[in-house]
Amino acid sequence: MTTIHGMGDPSGVSDPVQPPYVVLGATGILAPLSSLLPADRKRLGIARGSSPIRGAWDEVVLFDGHDGGAVASFVARLEPGYAVVAYAPTVTPATWEALCRKAARRVLVLTSAYAAPGVAIDEWLTAGEVTTCILGWTGPAGAPRWHTPEEISQVAWSALLAEPGSHLTLGRVRPWTQRP
């Protein structure tokens with residue numbers, strides 16, 4: 001693993017370094033988010049490395065977000081106060097909680113399966129003040145479609161700007177029978 005974020009000026013003169021944006025799902029569904037994030041903070045993409053690296057990240061770190069040891073090692077190297085955004089399939093509830101321990105902002109992008117009747121998301125909220133974004137679908141009733149990575153990244157950016165603990169939905173999640 002490489003350096004997580006800048007160590008400041010080696011001359012000893014203190015230069016405050018903003019905590020980074022940490023994005024899991026960075027080279028797939030959330031790749032377009034890299035161009036929406038402000039450049040005044042490091043944009044750190046996390047990927048498993050099983051697909052081509054996409055996105056305009058300042059740095060990409062490769063590890064599996066389901067691996068508790070890899071996540072713990074990564075988090076140990078981060079300074080407190082970072083913003084973390086994760087696409088739920090890239091993490092487990094336990095690794096998500098570990099990623100959130102030192103985070104100042106927490107955004108979790110959930111698939112439409114979490115909007116199914118009777119499904120609870122409580123296990124994902126134990127880290128506190130998690131802003132969630134549930135991905136629904138769009139298009140006419142006879143031809144619904146899933147959202148594009150660009151649309152999903154835009155709502156993830158909106159979630160970062162929303163009040164902590166907010167719950168956003170992209171598209172529609174009802175009627176459930178119209179799900180693509």
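Label 7 Å along Cα→Cβ of residue 172; segment 143-161 residues with amide nitrogen under 15 Å?
Output list for this probe position: 143-147.
Angle check, please: helix 149-161 long axis (alpha carbons) against the longest principal axis of the chain (alpha carbons), in degrees 0 to 90, nearest 10.
60
Quick one, can you get me the convex hull of the C-alpha atoms of the chain expressed as volume per residue in Å³?
So the per-residue Cα hull volume is 117 Å³.
Taking a probe of 1.4 Å, how large is the accessible area per residue of the chain, in Å²?
In whole numbers, the chain has 47 Å² accessible per residue.
Taking R0 as 25 Å, what's the FRET efficiency between residue 113 and residue 161 from their Cβ-Cβ distance, rounded to 0.05?
0.45
Go ahead and estimate [θ] at 222 nm for the chain from helices alone: -39,500 (n - 2.57) per DSSP H run with n ≥ 4, summed, over the residue count, rounded to 500.
Calculated from helices alone, the mean residue ellipticity at 222 nm is -5000 deg cm²/dmol.
log10 I(q)/I(0), Debye, Cα-only segment 65-105, no solvent, q = 0.14, 0.24, 0.34 Å⁻¹?
-0.25, -0.75, -1.28
Using heavy-atom solvent-accessible surface (probe 1.4 Å) with all chains present, what is the largest-first order of 146, 176?
Sorted by accessible area, descending: 146, 176.
Roughly to the nearest percent, how much of the accessible area of segment 50-180 is carbon and sulfur, given a 1.4 Å probe?
Roughly 55 percent, rounded to a whole number.
Against the empirical 2.2 N^0.38 Å scaling, what ratio does the C-alpha Rg of segment 83-180 come to?
1.07
The values are calculated or read from the model by the stated rules, or taken from the named source; none is laboratory data. For clarity, every value in this text was computed on a predicted model and none was experimentally measured. Backbone-built Cβ (ideal geometry, glycine too); neighbour counts: all protein chains shown. Surface areas here come from the heavy atoms of the whole protein model, side chains and all, with no ligands, DNA or RNA. Shrake-Rupley method; radii C 1.70, N 1.55, O 1.52, S 1.80 Å.
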